[in-house]
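The values are calculated or read from the model by the stated rules, or taken from the named source; none is laboratory data. None of the values given here were measured: they were computed from a predicted structure. Don't worry about glycine lacking a Cβ; one is built from the backbone with ideal geometry, like all the others, and counts go over all protein chains shown.
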Amino acid sequence: MSHDSLSRRTFVGGAAAATALGTLGITPAAVAARDRTAAARGIRRLPGGAPMLRAWQSQVDAYDALAHLSTNENPFGPSEKALEAMTYAFKYSMRYGYPDNNCQQRIADAHGVPRDHVLMGAGSGEILDVVGLTWLAHDKKVVGVEPSYGSVYSHATGIDADTILLPLEADYRQNIERMVDATNRNARDVGFVYLCNPNNPTGVTVTADEVAYLLDNIPEDIPVLIDEAYHHFVEDPAYEESLEYVRQGRRVIVARTFSKIYGMAAMRIGFAIAPPDMIAEMRNYSTGSVNALARWGAVASMDDEPAARRTLEHNRTWREQTRADLEALGYESIPSQTNFFMVDLRQPVAPIRRAFRERNVAVGRDFPPMLNHLRVSIGSEEEMGRFMNAFEDILKTPLMSSQSG
Ligand SMILES: Cc1ncc(COP(=O)(O)O)c(C=O)c1O
């Protein structure tokens with residue numbers, strides 16, 4: 001059975017619908033006949049058999065028609081093992097204290113830390129917010145670069161804290177010496193330092209030596225949040241994950257997610273790994289509300305290495321193929337260590353992005369000040385083909401190409 005057919009039919013539809021229909025004594029033939037009649041009247045059914053409202057139909061159709069290249073997702077979705085585990089976990093949907101396949105312990109084991117070093121969140125987005133709530137009270141500031149994963153900064157300003165944002169270098173690297181300098185000059189006001197590694201939206205890494213330099217040259221009581229959402233994709237040997245600093249008891253919080261390599265973005269599960277006293281402080285601000293399906297799916301994902309490897313290979317192939325195709329058309333892109341890359345269009349991307357959207361291709365948003373760079377996530381082979389077709393179509397029109405420079 002293909003991955004796609006498993007995900008569409010077995011998950012939810014299979015288990016739940018079969019049980020429901022069996023109980024009601026409705027035969028599959030009767031269901032098929034009903035659905036044919038409904039389809040003829042323009043009504044589609046949800047996996048459980050309920051009619052889909054017309055408003056939802058158009059929303060679903062519009063969404064499904066898009067090539068999804070704007071939010072750095074995994075086009076394969078969860079692995080088959082994760083889908084099976086999540087399907088199983090449905091039976092706990094009505095429970096609170098259900099078995100969760102020992103999720104927190106399994107995450108701890110997989111990362112070589114004790115259980116009390118782990119805090120789970122509804123996506124790593126929740127973890128980033130919790131770090132803000134924990135360390136930005138009393139008008140503190142977060143130090144980081146721009147552009148980076150902007151929700152850290154918007155959350156900070158949303159809770160009336162502040163940001164100290166540094167520009168990227170001309171080669172799009174984060175200037176760690178400047179980050180150290182800004183942190184030391186503002187040490188009394190700094191709540192934490194944010195290091196997105198590799199950085200979103202550029203796909204550029206900070207080397208292991210640079211991370212060490214940062215940690216060794218700022219006051220040791222200032223927390224450093226290292227966002228490693230994309231670390232699985234990195235192949236540069238100069239890069240290292242930062243878990244070792246946590247094991248040493250440094251004031252480092254490593255944020256991770258199941259949304260990217262494991263394809264579970266909509267399931268909402270991520271986690272922090274940090275020294276236990278920091279985890280205890282963060283816990284005061286976290287909901288701890290990670291759902292049963294996500295927990296079971298997460299554990300199964302970590303056990304499914306072949307699925308992760310397939311994603312990595314697909315990602316590398318299509319990222320480099322697409323970058324080469326763009327280069328052949330005269331457009332440079334930034335070498336990336338992630339499941340997205342940025343291409344320099346030499347003109348503002350906003351109108352071009354709209355043109356892509358008219359062709360049902362969703363590509364990344366504005367990342368000031370890099371307003372001439374388009375961020376493209378790596379999708380399926382079919383989606384990447386649609387992207388290149390749309391690109392050639394849009395960038396060859398006189399209106400778009402005459403604005404270069
Ligand atoms: C760098 C980075 N950190 C965190 C997140 C949040 O991901 P999630 O909340 O799905 O775990 C994202 C999502 O795109 C991201 O790019």
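Here are some notes:
- Of all residues in the stretch 213-231 being assigned to a loop (DSSP other than H, G, I, E, B) and free of Cβ contacts under 8 Å to residues at least 40 places away in the same chain, the one that is nearest to the ligand (Cβ to nearest atom): Glu228
- Entirely in the stretch 232-322, the helices (runs of 4 or more DSSP H) that have 1 or more residues that are within 15 Å of Lys81 (Cβ to Cβ): 292-303
- Annotation: of all residues in the stretch 14-62 being loosely packed, with under 10 Cβ neighbours inside 10 Å and modelled with pLDDT of 75 or more, the one that is nearest to Arg359 (Cα to Cα) is Ala50.
- Given (1) surrounded by 23 or more Cβ atoms within 10 Å (Cβ to Cβ); (2) over 19 Å from Ala182 (Cβ atoms); (3) β-branched (Val, Ile, Thr), index of the condition Val142 fails: (2)
- Glu126 vs. criteria under 24 Å from Val290 (Cβ atoms), within 16 Å of the ligand (Cβ to nearest atom) and not assigned by TED's automatic domain parsing to the domain that holds His232: no
- Filtering the stretch 246-265 to residues that are in contact with a Lys or Arg (Cβ under 9 Å, 6 or more places away or on another chain) and not hydrophobic (A, V, I, L, M, F, W, C) leaves only Ser259.
- Qualifying positions in the stretch 233-284 - of a type in the set (Ser, Thr, Tyr) and away from the ligand (no atom under 16 Å from the Cβ): Tyr245
- Matching residues in the stretch 158-200 - criterion: being more than 16 Å from the ligand (Cβ to nearest atom), touching a strand residue (DSSP E or B) at 6+ places or on another chain (Cβ under 8 Å) and in a loop (DSSP other than H, G, I, E, B): Ala161, Asn175, Asn186, Asp189
- Residue match in the stretch 83-96 (condition: within 16 Å of the ligand (Cβ to nearest atom), at pLDDT 95 or above and either among the hydrophobic types (A, V, I, L, M, F, W, C) or in contact with a Cys (Cβ under 9 Å, 6 or more places away or on another chain) (or both)): no
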